[in-house]
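Okay, so here's the structure we're looking at.
The values are calculated or read from the model by the stated rules, or taken from the named source; none is laboratory data. Model, not experiment: these values are computed from the prediction. Note that each Cβ is placed from the backbone with ideal geometry, even for glycine, and that neighbours are counted across all protein chains shown.
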Amino acid sequence: MSPPKDLSILMIAYNHAQFLGKAIQSVLDQQTNFSWELVIGDDASTDGSQEILSRYSKDPRIRVLPASSRLGMSRNFARTLGACSGRYVAFLEGDDYWIDPSKLQRQLTLLESRPDVALCATNALLHRESSGGLEPDFGFTSREERTLVTSDLVWGNPAHTCTYVVRRSAIPEIDADLLRLGMLDFPIWILASRHGSLVKLTQCTGAYRIHDQGVWTSTSARRRIVLTIEALSCIEGRLEDPVIRKAIVRQRHLHWAREIALAAREGDRKDLARRCLRTITAPLSCGLLPRARIQALVALFSCWFGGRASHRPV
């Protein structure tokens, strides 16, 4: 058995044949002075991905984990993480790629010199398949280096997954509750931040690809909100700081208010009523904005009298 590496690159893939080569090559192009391994979890792809992976697996630094049947994204992620031996873990999905050959070296140098830091991320560009070009992602771009703690992260993910490097010791065990979530990266960043801060660098080191088969980009806005609410609910009890837990509750209710607005637009009256009541009756201690309660009350009134509510998201 080979000794543990300094860094493991975790890559999960499902039917990414048209993208895999570029993703893997961007790993091989990294200029580093430390040992690393690329661990690829293929979730029983049916598009010829195995042939591509077979070619690249001749490199001794690359290990491929095949699957005889579909595992699903979360279980595939968990088993691939379990196979990583590195003291640090970098994340790169099979349809994204890195654009800076010094990415890993820069991030590991920072983490090695800063024991108080558990996560390091960077800016990234968007690669839209429809246009084929790279463009800035203004919603995720930081102009100055930022240091974030858990109370910051509960308000939203500050970077794309393809830019993260995390201390392996800070990554939580992927238990049954986490496996049930439809997203794993966001809750993992929050839980890992219990062991140290997140430093976000200003360099653009990765490209996040937007295409029709993308797991997140092909998910509806309302479904994304639901997944975020489920993730926040799952991790709330794992955080001991009452201030952070209160922030999570408040954020969850803000997401409920946004979902109410979308449900109203879609005319889903039964679910709209349920969401409205949950928001209206939220405890005062959660810090929910009055505007969210008012919006829920207006939507419930419209739903009760058979109308279709129409209002803007919070």
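Condition test on Ser26, is it part of a loop (DSSP other than H, G, I, E, B) and in the same structural domain as Trp98 (by TED's automatic domain parsing)? When the stated conditions are applied, Ser26 does not pass them.
Conditions (1) within 25 Å of Gly132 (Cα to Cα); (2) surrounded by 22 or more Cβ atoms within 10 Å (Cβ to Cβ); (3) free of Cβ contacts under 8 Å to residues at least 12 places away in the same chain, marked per residue:
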position: Ile9; (1), (2), (3): no, yes, no
position: Tyr14; (1), (2), (3): yes, yes, no
position: Thr32; (1), (2), (3): no, no, no
position: Ser45; (1), (2), (3): yes, no, no
position: Gly48; (1), (2), (3): yes, no, no
position: Pro60; (1), (2), (3): no, no, yes
position: Arg63; (1), (2), (3): no, no, no
position: Ser69; (1), (2), (3): no, no, no
position: Thr80; (1), (2), (3): no, yes, no
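Within the option set Thr228, Thr150, Thr163, Thr202, being touching a Lys or Arg at 6+ places or on another chain (Cβ under 9 Å) and not assigned by TED's automatic domain parsing to the domain that holds Asn76 holds for one residue only, Thr228. The set of residues from the range 2-23 being assigned to a strand (DSSP E or B), more than 23 Å from Gln105 (Cβ to Cβ) and either outside the structural domain of Leu92 (by TED's automatic domain parsing) or not β-branched (Val, Ile, Thr) (or both) comprises just one member, Ala13.
The set of residues in the range 16-30 being loosely packed, with under 15 Cβ neighbours inside 10 Å and of a type in the set (A, V, I, L, M) consists of Leu28 alone. If only residues of the range 164-184 that are among the hydrophobic types (A, V, I, L, M, F, W, C) and more than 13 Å from His195 (Cβ to Cβ) are counted, the one that is surrounded by the fewest Cβ atoms within 10 Å (Cβ to Cβ) is Ala176. Considering Asp116, Asp177, the condition of being under 17 Å from the mean Cα position of the chain (by Cα), under 21 Å from Asp241 (Cα atoms) and outside the structural domain of Thr228 (by TED's automatic domain parsing) is satisfied by Asp177 alone.
Could you tell me which residue of the range 148-161 is surrounded by the most Cβ atoms within 10 Å (Cβ to Cβ), considering only residues that are of a type outside the set (A, V, I, L, M) and over 9 Å from the mean Cα position of the chain (by Cα)? Result: Thr150. Of the strands (runs of 3 or more DSSP E) that lie entirely inside the range 52-140, those containing 1 or more residues that are touching a Phe, Trp or Tyr at 6+ places or on another chain (Cβ under 8 Å) and not hydroxyl-bearing (Ser, Thr, Tyr) span 62-65, 88-91, 117-128.
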